[in-house]
Amino acid sequence: MQPAFDRGPPQRAAPSGSTDEPARLPAAQPMAPEDLERVARLFQSTSDLLATITPDGRFTLLNPAWEDTLGWPRESLLGRPVRELVHPDDAGQTIAMLLAGHEHTAQIANFTNRYRHRDGSWRWLLWSARSDRRVWYAAAKDVTDRIWLERQALHDPLTKLPNRLLLMDRARQALTRLHRSHGLVALLFVDLDRFKAVNDSLGHALGDHLLISLSQRLAEMMRDSDTIARLGGDEFVILAEELQSDAEALTVAERVLHALQEPFVVGSTEVSMLASVGVSVSHDPDADPETLLREADVAMYRAKRSGGYRLELFDEHLRREAAAHLDIERRLRDALPREELVLAYQPILPLQGGPAVACEALLRWQPSEGEPVDTATFLARAQESGLIVPIGEWVLDAACRQAAAWRDAGEQVAVSINVSVRGLTDIDLAGRLRAALTQHQLPPGALWIEVTESAVLGDPERAATTLAQVRDVGVRVALDKAGAEETRLALIATLPLDALKLDRSLLAAGEDSAGRRAVAAALVAFARAAGIETIIVGVESEAQLRLARELRCTHAQGFLLGKPTPPEQAAFDGPRTVGSLARWAPPARLHHLH
């Protein structure tokens, strides 16, 4: 940060016929002895730093506050050049201003610079000074704490990079400068592809060290005019200006990808980081920096969805896609008050025969305007926009209300609801479930929750604690989509679960079906050893049902056994096919679903 000078308004031109002699300060009036005594006391007692300084930058008079603020005895500072105390980055402009006071009488100059404390630290001083061509008369305040707080508010505490607030301010200034130039401004949204896995394996301390090293490498490769900011986690944004084309912006992004791929030395380990980069550009000086950042974010997610370690430019296709997403969010905000959200229920049946033990509540949106939106799409928008929180609260209340209605009608069937990532990180999820059960006068066993393995992976320790609290309430817990991706049995073993829901992909036919069957068999064997249930999902044919029996799953769910229906059409007995295929006795279980 360079010293900032404010010399006040410009000098008025001398009237015609005047000499070139600069105006002199008004002559001071003689002071009475008692006034002189008061001035001396003020000089001695004020907490402000008072000084007189020669134009070549030497102290000639200092008050006692200097010793309190900088720790140096006044005697050691008198006659000492200012240059020896001022921070090297501030010295040039400070000395230039002092020398300028020898040439003409200055208006009051206001500026900040850094002075070295006796202990080696630097203190920020805010100055107000004026010269009579022979002497500078100056007063200063120590504003170090204020500047530190300002920097904390505008910088990431870990990497010391600008944060989002400062980034947006600089982006706004860069866009404004386009009024005077014909270039463009670019934002590069950088998201590390596998930082969480690296962070988990290294530990958080070394993970933080990696982020610091990464930020330093980015700073070294970028120009001084660029801004590198950290938004949080493993997300960084680079503001580049004075670019001439989209291609130049993409070249910068390619340099970032290659620079991060070079190994980082973290402790005794070398780590290469891959990243996805989204690029947005603007030639418009009136563009909104928040919109530009959102466009770069959208482009980054497209790079992620395409496999990662790549860059994407926000283009017209993405603009239309982003507009569609915003339209979905707008309509979704009105879905609850318009009662457009409904629940359909699909039964979960025991493979040895018998009535449904639970019905999964599946969310559906029936918009009153616009095109229908598939569930996966609108749930993704709800998750990103935060709307998933009120929607999740509605689902919990509606499902519990339906379970109570069924019980009043004599059907002792549980309802199972899906809990989102945000719901899983709720510090009082167990309390909310308990309150819903109490409100609807339901026993704990009437409610299940389902969470996905990917949601648990976000913070396994916190997830395990939350799920344990949920089970303490008496609510059953199922891990959904087990086997959909790389399943981590070691992680699953740490979770308090009542059931594994095996993903529908494990029943699919194809060349790799043998491998999927092996995964399914391993999960079932693990569940049996752990004493928990296994629910195979996606049973749509008798052949798949027969396979579920051969795998020795305990329960099944799918179109063959019952399609998702409105609550008034729900069937709990299941087809005769289930009972006819139940030729084996299920293993003894530690946790029963009833």
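The values are calculated or read from the model by the stated rules, or taken from the named source; none is laboratory data. Keep in mind the model is a prediction, meaning the values are calculated, not measured. Cβ: placed from backbone, ideal geometry, glycine included. Neighbour counts: every protein chain shown. Just so you know, the surface numbers come from the protein's heavy atoms only, side chains and all, with ligands and any DNA or RNA stripped out. Shrake-Rupley method; radii C 1.70, N 1.55, O 1.52, S 1.80 Å.
Listed values, structure above:
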{"item": "Lys501 being touching a Leu at 6+ places or on another chain (Cβ under 8 Å), in a strand (DSSP E or B) and either without any contact (Cβ under 8 Å) to a residue 60 or more places away in the chain or closer than 25 Å to Cys400 by Cα (or both)", "result": "yes"}
{"item": "Filtered residue count, the stretch 356-400, keeping only those that are part of a helix (DSSP H, G or I) and surrounded by fewer than 17 Cβ atoms within 10 Å (Cβ to Cβ)", "result": "12"}
{"item": "Candidates Arg177, Arg172, filtered to the one that is assigned to a helix (DSSP H, G or I), touching a helix residue (DSSP H, G or I) at 6+ places or on another chain (Cβ under 7 Å) and touching a residue at least 40 places away in the same chain (Cβ under 8 Å)", "result": "Arg172"}
{"item": "Verdict on Gly538 being on the phi > 0 side of the Ramachandran plot, buried (at least 21 other Cβ atoms within 10 Å of the Cβ) and in contact with a strand residue (DSSP E or B) (Cβ under 8 Å, 6 or more places away or on another chain)", "result": "no"}
{"item": "Output for the stretch 47-88, where each listed residue is modelled with pLDDT of 90 or more and aliphatic (A, V, I, L, M)", "result": "Leu49, Leu50, Ala51, Ile53, Leu61, Leu62, Ala65, Leu70, Leu77, Leu78, Leu85, Val86"}
{"item": "Inter-residue pairs, beta-carbon under 7 Å, first at positive phi and in the stretch 68-94, second open to solvent by less than 40 Å² (accessible area, probe 1.4 Å) and of a type in the set (Phe, Trp, Tyr), 6+ apart", "result": "Gly79/Phe59"}
{"item": "Check on Ala446, among the small types (Gly, Ala, Ser) and farther than 30 Å from His325 by Cβ", "result": "yes"}
{"item": "Subset of the stretch 365-386 [modelled with pLDDT of 80 or more, more than 23 Å from the chain's Cα centre (by Cα) and of a type in the set (Gly, Ala, Ser)]", "result": "Ser368"}
{"item": "Hits in the stretch 263-292 (condition: in contact with a strand residue (DSSP E or B) (Cβ under 6 Å, 6 or more places away or on another chain) and under 19 Å from Leu187 (Cα atoms))", "result": "Ala275, Ser276, Val277, Gly278, Val279, Ser280, Val281, Ser282, His283, Leu292"}
{"item": "Helices (runs of 4 or more DSSP H) completely within the stretch 50-104 that count 1 or more residues being among the hydroxyl-bearing types (Ser, Thr, Tyr) and open to solvent by 40 Å² or more (accessible area, probe 1.4 Å)", "result": "74-77"}
{"item": "The stretch 114-143 - residue that is hydroxyl-bearing (Ser, Thr, Tyr) and closer than 14 Å to Leu49 by Cα and, of those, most open to solvent (accessible area, probe 1.4 Å)", "result": "Tyr137"}
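Listed here are the residues, each with its yes/no results for (1) outside any helix (DSSP H, G or I); (2) under 15 Å from Ala275 (Cβ atoms); (3) among the basic types (Lys, Arg); (4) open to solvent by less than 50 Å² (accessible area, probe 1.4 Å).
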| site | (1), (2), (3), (4) |
| --- | --- |
| Ala186 | yes, no, no, yes |
| Asp200 | no, no, no, no |
| Leu206 | no, no, no, no |
| Leu211 | no, yes, no, yes |
